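Student: Quick one: this structure, given as structure tokens, is what I'll be asking you about.
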């Protein structure tokens, strides 16, 4: 533009105070548009203000201004590509052109090139320019081409599983680099490809392994590496944890359960949580220690080896408390104290102490009786005495009384201390001192006696003679106020005077003559000293005097004051000078009507009973005359208020009427009568109404048409108007509309009143105006278009981007474009497109861009077997133009990644170019497959328990290439029992380039006899090769095979096991010693019912509880000699033989009933000896015989059966108290009986700490 900027302009020569301002002081005009210096500037400044006409402005002469060239930045645009790709087109951007100018306004030329180089990095894009222009200062800015590294991938990599070691270290194998360009093969390789890091150190499955593989080599800088996604397992570390053996005394707290890691070890600072636990139970015995909550976490696989906590019996001393009682009392509870040791928790004994028989006074020994503390205690008992003393009582005479003249009551007594025993009762009776006068007479013991068994203390009392009571009641009396008193009389209402007794004196009353009740008092009335008089008073009542009072009739006019209200006594009379107080009143109200005259506060006092007869006060209406005021209004205005005047009479106080005047209906001009309507002064007034008129006059208005306009082609706007003087009333609206002069051309058209009418009630003045029509402008913009080289031109389209066409108007002609088919941008022009004379068209052009065509060259994938020659390479072409052939492609080469090992190798095309095409080269894959081999293993044999022989094989199909060979070794299926085991390939391999088909064989283990203590087991008998593997247990002389067991459950009682479930590992044979008197039986168990079994030809019978295990084993042995036979219970002899029980483990903890047939056992005792016959158990730990360890026992002498319920199986003996004979010798009678369950007594006693698995279960082991 030619606009110049002026600074510092100030007016000079102004008279102070004048209103003058310099405007446009900073704007001027250059005489030219192009750059230059020393140019003149024409100022555009002028004066303004009220005093400006008094001054002439002389603008300054400005000749030193410059138009400077415009800065134009020419910049090479930054570009990017991936290493190995062809360069993208190099382009230039321009910043700073003046509006409407572009590169065509410059002269000269521009060359674009880049710094050479194909390695990854940044290369400068440079410009060679001869561009020039007088109007621009051109600045050249270089750009850059960035070559990004090509991403490589890794195939075939695998992470190895490992056992938990506390570190994240991982091993990786098989990594193969993929994606290296052909020309860089051998110049880029992997490093750090065999190691990685687990993303956790704890054991788990499918744990991500993070690798740190890197690239090395002269071309490694041109590549980036995508790390492979690997996963592997961290396996738990196996350890064996063994519990330490522990012990405690019954009732003590458990010792800490400790443990050792006896195989394997913990990693670093790893430590378990939780603790071992033990088998539940606090009774004496052994309790298995189990793993409990001891948890080494998921990083360890724990094998837990149990041990035992042993609980031993608790010693205590129990002493009986000294006791006493009074003769005849119940025996006190015999109590005791633990004086040494203590009971555990809530433990309490069963049974009670007892004492020597007798109820006489004296001392009686307290004995242990049935007091029993159970097997968990070893009790020492200390006795004491119960003492009986004489019984004291106190006899107290009951106090008695009578009224003078009555007969004596019966004299009675009470035991007030002590009590009589049983049916004891005294003899005799009490007596009293003589006399009948009023007074107190002592009661004496008389002949009352309780016998010698009581020590009696007598407490005397009195017989009292009292006076005779009577009740005298006054009669009620009454009189009327003012009358004289009646006579005062009385009655005897309770009791009676004796004989002719009569009182002296009279009653009296309280003073007073007013209405009310006056008490009648005893006065001087007296019955003498022989009577106790209760006096009941009454009242003399004075009642009110009746009179009738009548009100006088009264009247007044509404609004006047009330007259005085007066009365008369019309019945009865007033006494003496009596006068009332107060006055009459009347019913409230001042309106016309009758109002009751009431008694009000008129009061004659309490001495009168007043009957009041009312009357009326009458109020009459007040006359007035009301006259309406004359009113007027303009048509359409609201009615004025219709008012009135009281022209005769007056309103009382604040009285106002309700309602209002009304007028005759109508809103047209005229006179309308004003009527009384609802105006109401109430019943208190008699109203005469005089009416008047309301006059309505006409309403003027002025209506002015609004100016309107529209664009050519648009619909006419609505022709509107305004009331510019006056106003319309309410909802009044005109009919009809305005209209305008005809025509649609641009111009002004007069608006007239047309049919617009407001009715007769308005006098309308109409003011006209104009409708103006203007031309229609539109902007047409060509759409941007593109096509790919070789395709047909798209249709050139356009949009009306500003304005719109009217109706069905449409242009003629079409757009055109700049000629040319090469890749580039071509201007789209208006061409012959025309919209006619009714439109003013602004055309905005656009471009058609021709882009290069993509051509894809794909290397064809193929395969071969490891060791074979490569096949011939082939390529496929995609998206050639229809008229082009493969000949347009120049410089195409094919190569593959080096290598002959099994895997995938990239086949890479390179160097291909084609004019008018963007060439995309896609690689293919050469897959080298594994070479098949068949390896056949040779069958092997060995004897059970010997080392495995060396394994051998033969190559039976396929061949090895070159120097390739087999490495690794065979393994076999795990197991050492007799049988056949598969020979496995294990680690035998020819390397990753071979696919091995392995033909296995078997290792056969033949049977071998295993010796046992007191027997042997032959493992794996299969003489006929039928697959039925048998295990045979045999016992030495003096021993018998009992059963197969896992230590808790009986699996079988057959000496031969065939194909046992789960193999032989869970089973072991149990062999027991036997003697000539051992009865060993395998017993079928019932899960629902008890099982009864006879031993030793019926000498012993056992009742076993219902049990889920199908079988159990029990042995009963009778022995003549046992441990403890010389340590008999004090004062007792043994009834031989002894019995000993052994049982299988699955019966441990069960309570079993044992019955011994005494006759069958050959035991014969005298009557007194039979009473003391008791079964004892030998306690191996304490080396004593005990009954406390037997739950219950007894003897049924009718059947001759001794029975007992036991939970512990070991040695038992029968003992009795022998009857003394003259020689002092103890007779020996009967036999020794020994019961063994699971083994014989001798083995139990002599080899109590035997090897695990040998012999049955005896609870003496605990």
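Student: Among the residues of segment 626-652, write down those that are farther than 18 Å from residue 693 by Cα, touching a strand residue (DSSP E or B) at 6+ places or on another chain (Cβ under 6 Å) and either assigned to a strand (DSSP E or B) or touching a residue at least 40 places away in the same chain (Cβ under 8 Å) (or both).
Tutor: Within segment 626-652, just 648 meets the criteria.
Student: How about segment 91-119: which of its residues are modelled with pLDDT of 90 or more and under 30 Å from residue 224 (Cα atoms)?
Tutor: Those that are modelled with pLDDT of 90 or more and under 30 Å from residue 224 (Cα atoms): 91, 119.
Student: Can you name the strands (runs of 3 or more DSSP E) wholly within segment 206-254 that have at least 2 residues being within 39 Å of the chain's Cα centre (by Cα)?
Tutor: On the way: elements: 214-216, 223-225, 230-235, 237-243, 246-249.
Ranges flagged: 230-235, 237-243.
Student: Out of segment 515-543, which residues are part of a loop (DSSP other than H, G, I, E, B) and at pLDDT below 85? Before the answer, list the steps.
Tutor: First pass over segment 515-543, keeping only residues part of a loop (DSSP other than H, G, I, E, B): 515, 522-525, 527-530, 537.
Selection gives 527, 528, 529, 530.
Student: Search segment 499-514 for residues being in a loop (DSSP other than H, G, I, E, B) and within 24 Å of residue 466 (Cα to Cα), and hand back the single one that is modelled with the highest pLDDT. Quick ask: steps written out before the conclusion?
Tutor: The first filter runs over segment 499-514 and keeps only residues in a loop (DSSP other than H, G, I, E, B), leaving 499-503, 505-507, 510-514.
This time we only want the ones that are within 24 Å of residue 466 (Cα to Cα), so: 499-503.
Numbers: 499: 74, 500: 82, 501: 80, 502: 84, 503: 89.
Filtering first and then ranking leaves 503.
Student: On the given criteria, is residue 377 under 60 Å from the mean Cα position of the chain (by Cα) and surrounded by 11 or more Cβ atoms within 10 Å (Cβ to Cβ)?
Tutor: Details: under 60 Å from the mean Cα position of the chain (by Cα): yes; surrounded by 11 or more Cβ atoms within 10 Å (Cβ to Cβ): yes.
Yes.
Student: Condition test on residue 483, is it over 30 Å from residue 359 (Cα atoms) and either surrounded by 13 or more Cβ atoms within 10 Å (Cβ to Cβ) or in contact (Cβ under 8 Å) with a residue 12 or more places away in the chain (or both)? Lay out the reasoning, then the answer.
Tutor: Details: over 30 Å from residue 359 (Cα atoms): yes; either surrounded by 13 or more Cβ atoms within 10 Å (Cβ to Cβ) or in contact (Cβ under 8 Å) with a residue 12 or more places away in the chain (or both): no.
Judged against the criteria, residue 483 is not a match.
Student: State all residues of segment 912-944 that are assigned to a loop (DSSP other than H, G, I, E, B) and either surrounded by 14 or more Cβ atoms within 10 Å (Cβ to Cβ) or without any contact (Cβ under 8 Å) to a residue 12 or more places away in the chain (or both); if no residue qualifies, say none.
Tutor: Correct list: 912, 914, 916, 923, 930, 944.
Student: Please find, within segment 62-79, the residue that is farthest from residue 101 (Cα to Cα) out of those that are modelled with pLDDT of 90 or more and part of a loop (DSSP other than H, G, I, E, B).
Tutor: By that ranking, first place goes to 78.
Student: Which residue, of 243, 263, is in the same structural domain as residue 303 (by TED's automatic domain parsing) and over 30 Å from residue 1182 (Cβ atoms)?
Tutor: Numbers: 243 fails: over 30 Å from residue 1182 (Cβ atoms).
Selected residue: 263, the only one of 243, 263 that is in the same structural domain as residue 303 (by TED's automatic domain parsing) and over 30 Å from residue 1182 (Cβ atoms).
Student: Within segment 832-840, is there a residue that is in contact (Cβ under 8 Å) with a residue 60 or more places away in the chain and assigned to a strand (DSSP E or B)?
Tutor: From segment 832-840, those in contact (Cβ under 8 Å) with a residue 60 or more places away in the chain are 838-840; that's our starting set.
Remaining after also requiring assigned to a strand (DSSP E or B): 839-840.
Yes, there is a match, as at least one residue in segment 832-840 is in contact (Cβ under 8 Å) with a residue 60 or more places away in the chain and assigned to a strand (DSSP E or B).
Student: Tell me whether segment 1027-1034 contains one or more residues that are over 28 Å from residue 1155 (Cβ atoms), surrounded by fewer than 18 Cβ atoms within 10 Å (Cβ to Cβ), over 60 Å from the mean Cα position of the chain (by Cα) and at pLDDT 80 or above.
Tutor: yes
Student: In segment 121-135, is there at least one residue being at pLDDT below 90, in contact with a strand residue (DSSP E or B) (Cβ under 8 Å, 6 or more places away or on another chain), crowded, with 18+ Cβ neighbours inside 10 Å and assigned by TED's automatic domain parsing to the domain that holds residue 74?
Tutor: The answer is yes, given that some residue of segment 121-135 is at pLDDT below 90, in contact with a strand residue (DSSP E or B) (Cβ under 8 Å, 6 or more places away or on another chain), crowded, with 18+ Cβ neighbours inside 10 Å and assigned by TED's automatic domain parsing to the domain that holds residue 74.
Student: Please enumerate the residues belonging to segment 83-107 that are part of a strand (DSSP E or B) and exposed (fewer than 13 other Cβ atoms within 10 Å of the Cβ).
Tutor: First, pick out the residues of segment 83-107 that are part of a strand (DSSP E or B): 92-95, 107.
Once the filter is applied, which keeps residues that are part of a strand (DSSP E or B) and exposed (fewer than 13 other Cβ atoms within 10 Å of the Cβ), segment 83-107 yields 93, 95, 107.
Student: Look at residue 38 and say whether it is assigned to a strand (DSSP E or B), assigned by TED's automatic domain parsing to the domain that holds residue 63, within 22 Å of residue 137 (Cβ to Cβ) and free of Cβ contacts under 8 Å to residues at least 60 places away in the same chain. Lay out the reasoning, then the answer.
Tutor: Values: assigned to a strand (DSSP E or B): yes; assigned by TED's automatic domain parsing to the domain that holds residue 63: yes; within 22 Å of residue 137 (Cβ to Cβ): yes; free of Cβ contacts under 8 Å to residues at least 60 places away in the same chain: yes.
Yes.
Student: Determine if segment 333-350 includes at least one residue that is exposed (fewer than 12 other Cβ atoms within 10 Å of the Cβ), outside the structural domain of residue 376 (by TED's automatic domain parsing) and at pLDDT 90 or above.
Tutor: no
Student: Okay, next question. For residue 520, which of the numbered conditions (1) over 25 Å from residue 608 (Cα atoms); (2) touching a strand residue (DSSP E or B) at 6+ places or on another chain (Cβ under 6 Å) fails to hold?
Tutor: (1)
Student: Here is a follow-up. Restricting attention to segment 163-183, which residues are free of Cβ contacts under 8 Å to residues at least 40 places away in the same chain and either farther than 18 Å from residue 226 by Cα or not assigned by TED's automatic domain parsing to the domain that holds residue 228 (or both)?
Tutor: Correct list: 167, 168, 169, 171.
Student: Residue 263: without any contact (Cβ under 8 Å) to a residue 40 or more places away in the chain, more than 30 Å from residue 84 (Cα to Cα) and surrounded by fewer than 19 Cβ atoms within 10 Å (Cβ to Cβ), yes or no?
Tutor: no
Student: I would also like to ask the following. Among (1) touching a residue at least 40 places away in the same chain (Cβ under 8 Å); (2) in the same structural domain as residue 183 (by TED's automatic domain parsing), there is one condition residue 206 misses while meeting the rest; what is its number?
Tutor: Going through (1) touching a residue at least 40 places away in the same chain (Cβ under 8 Å); (2) in the same structural domain as residue 183 (by TED's automatic domain parsing) one by one, residue 206 breaks only (1).
Student: Out of segment 1115-1138, which residues are at pLDDT below 85 and touching a helix residue (DSSP H, G or I) at 6+ places or on another chain (Cβ under 7 Å)?
Tutor: Selection gives 1119, 1122, 1123.
Student: Hey, does segment 685-694 have a residue that's more than 30 Å from residue 744 (Cβ to Cβ), touching a strand residue (DSSP E or B) at 6+ places or on another chain (Cβ under 9 Å) and assigned to a loop (DSSP other than H, G, I, E, B)? Steps first, answer last, please.
Tutor: Narrowing segment 685-694 to residues more than 30 Å from residue 744 (Cβ to Cβ): 685-694.
Subset that is touching a strand residue (DSSP E or B) at 6+ places or on another chain (Cβ under 9 Å): 685-694.
Restricting the remaining residues to those that are assigned to a loop (DSSP other than H, G, I, E, B) gives 691.
Looking through segment 685-694, at least one residue is more than 30 Å from residue 744 (Cβ to Cβ), touching a strand residue (DSSP E or B) at 6+ places or on another chain (Cβ under 9 Å) and assigned to a loop (DSSP other than H, G, I, E, B).
Student: Between a residue in segment 1044-1057 that is at positive phi and any residue that is surrounded by 20 or more Cβ atoms within 10 Å (Cβ to Cβ), which pairs come within a Cβ distance under 7 Å, given they are 6 or more apart or on different chains?
Tutor: Every condition considered, the pairs that remain are 1047/1145.
Student: Output the residues belonging to segment 7-35 that are in contact with a strand residue (DSSP E or B) (Cβ under 6 Å, 6 or more places away or on another chain), closer than 30 Å to residue 135 by Cβ and not in a loop (DSSP other than H, G, I, E, B).
Tutor: 28, 29
The values are calculated or read from the model by the stated rules, or taken from the named source; none is laboratory data. Fair warning: this is a prediction, and the values are worked out from it, not measured in the lab. Please note: Cβ atoms are built from the backbone with ideal geometry, for glycine as well, and neighbour counts cover all protein chains shown.
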